[in-house]
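Engineer: Next up is a structure, given as structure tokens.
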Amino acid sequence: MPRTSSMRELPMAYQTISEQQPTVTRVVDAFVTIMDKARRNQTTTSPSDEDLARAVTAAIKLYAARAEQTKQFPLPLTKEATTTDAIVVIAEMMRFADLNAFDVNMWLGRRK
């Protein structure tokens, strides 16, 4: 095989695994595009409930771990999320975790 000046010119079989991995930004961009399309098309079956729960859980766990490690709490939502979007998810998360308003209030006071 002739030598090439760049790894990008090599066939994928010759590249290392790390060079084949998509960047986090590309993965997030693809995920957001798929979710936005499903929402616009009112497609409530794709992704599946299980896949959506896995994605949300992974994001929440990362956010919580980062907040605990750094003691910083950046906004977890973009400006595109509405108050209704937030409260629908918050209410279901509270039900899932068996939390009540008193429990949440204790955590809200934690960052003072």
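No lab work stands behind these numbers, since they all come straight from the coordinates. Owing to the predicted nature of the structure, the values given are computational and were not obtained by experimental measurement. Neighbour counts are summed over all protein chains in view; Cβ atoms, including those assigned to glycine, are modelled from backbone coordinates with ideal geometry.
Engineer: Through the Karplus equation 6.51 cos²θ - 1.76 cosθ + 1.60, θ set to phi - 60°, convert the phi angles of the range 85-95 into ³J(HN,Hα) values in whole Hz; use x for Gly and Pro.
Structural biologist: Here the 3J(HN,Hα) series is 4, 5, 5, 4, 6, 4, 4, 5, 5, 5, 4 Hz.
Engineer: Further, regarding this structure: Evaluate E = 1/(1 + (r/R0)^6) for A38 and L75, where r is the Cβ-Cβ distance and R0 equals 22 Å; express this FRET efficiency to the nearest 0.05.
Structural biologist: Calculated value: 0.40.
Engineer: If I model a spin label at T83 and N100 as a point 7 Å from the Cα along the Cα→Cβ vector, what separation in nanometres do I get?
Structural biologist: Placing both labels 7 Å along Cα→Cβ, they lie 2.6 nm apart.
Engineer: Okay, which of the range 84-110 sit inside 11 Å, backbone N to the point 7 Å along the Cα-Cβ direction of D49?
Structural biologist: Correct set: none at all.
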